[in-house]
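Participant: Got a structure here, written out as structure tokens. Questions coming.
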Amino acid sequence: MSHYVHHVPGRLRIRAKAFQCNPAKARSLERQLRTMEGVLEVRHNERNGSLTIAYDPVSGEDARIMQTLTEAGCLPVGGQGRAAAGSDMAAAFGKALLAAVAQQTVARSFSSLATILR
């Protein structure tokens, strides 16, 4: 596997060969992300080639974080070039975000239903 993305609101973890092959670039990106408003913590694990970003989900910075990662060239690049990889990652990020919102909606619905049935 050349890359792996895991997202829950407030935490984004990306494992990519780029973080393992070029640790200096990963550390530079880590410093850049730390300066962004809404980013709470950034950790680079050189051994497994991952970057974990904790951010305030209310800040709306998730799109800027993805844009920064894409512009740095640290997201996986397929045969279709850099722009396509950014689109793939944005789609994966969007799917994860949509799943989280759906999960929260279902949880709130059950909570409301439980309150009504009491």
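The values are calculated or read from the model by the stated rules, or taken from the named source; none is laboratory data. What you see is a predicted model; the values in this text were computed from it and never measured. Because the Cβ atoms are built from the backbone with ideal geometry, glycine has one as well, and the counts that use them run over all protein chains shown.
Participant: Filter region 3-22 for residues that are over 18 Å from Val58 (Cβ atoms) and surrounded by fewer than 15 Cβ atoms within 10 Å (Cβ to Cβ) and give the result.
Facilitator: Of region 3-22, the ones over 18 Å from Val58 (Cβ atoms) are 3-6, 13-22.
Of everything in region 3-22, those that are over 18 Å from Val58 (Cβ atoms) and surrounded by fewer than 15 Cβ atoms within 10 Å (Cβ to Cβ) turn out to be Tyr4, His6, Lys17, Cys21.
Participant: Look at Val77 and say whether it is modelled with pLDDT of 85 or more, among the β-branched types (Val, Ile, Thr) and surrounded by 13 or more Cβ atoms within 10 Å (Cβ to Cβ). First the steps, then the outcome.
Facilitator: Working: modelled with pLDDT of 85 or more: no; among the β-branched types (Val, Ile, Thr): yes; surrounded by 13 or more Cβ atoms within 10 Å (Cβ to Cβ): yes.
In short, no.
Participant: Picking from Thr68, Thr35, which residue would you name as being buried (at least 16 other Cβ atoms within 10 Å of the Cβ) and among the hydroxyl-bearing types (Ser, Thr, Tyr)?
Facilitator: Result of the check over Thr68, Thr35: Thr68.
Participant: Answer yes or no as to whether Val58 is closer than 25 Å to Ala100 by Cα, aliphatic (A, V, I, L, M), in contact with a Leu (Cβ under 9 Å, 6 or more places away or on another chain) and modelled with pLDDT of 85 or more. Full working, then the answer.
Facilitator: Working: closer than 25 Å to Ala100 by Cα: yes; aliphatic (A, V, I, L, M): yes; in contact with a Leu (Cβ under 9 Å, 6 or more places away or on another chain): no; modelled with pLDDT of 85 or more: yes.
Against the criterion (closer than 25 Å to Ala100 by Cα, aliphatic (A, V, I, L, M), in contact with a Leu (Cβ under 9 Å, 6 or more places away or on another chain) and modelled with pLDDT of 85 or more), Val58 does not qualify.
Participant: I need the full set of residues from region 41-60 which are among the hydrophobic types (A, V, I, L, M, F, W, C), under 13 Å from the mean Cα position of the chain (by Cα) and within 20 Å of Gln104 (Cβ to Cβ), in order please.
Facilitator: So in region 41-60, the residues among the hydrophobic types (A, V, I, L, M, F, W, C) come out as 42, 51, 53-54, 58.
Subsequent filtering for residues that are under 13 Å from the mean Cα position of the chain (by Cα) retains 42, 51, 53-54.
Residue satisfying the conditions is Ala54 alone.
Participant: Across region 30-49, what is the number of residues that are in a loop (DSSP other than H, G, I, E, B), farther than 19 Å from Glu71 by Cβ and of a type in the set (Asp, Glu)?
Facilitator: Of the residues in region 30-49, 1 are in a loop (DSSP other than H, G, I, E, B), farther than 19 Å from Glu71 by Cβ and of a type in the set (Asp, Glu).
Participant: How many of the residues making up region 7-29 are within 13 Å of the chain's Cα centre (by Cα) and either aromatic (Phe, Trp, Tyr) or closer than 14 Å to Leu69 by Cβ (or both)? Can you show your working first?
Facilitator: We begin by selecting, within region 7-29, every residue within 13 Å of the chain's Cα centre (by Cα); these are 7-16.
Next cut, either aromatic (Phe, Trp, Tyr) or closer than 14 Å to Leu69 by Cβ (or both) only: 7, 12-16.
Residues that pass the stated criteria total 6.
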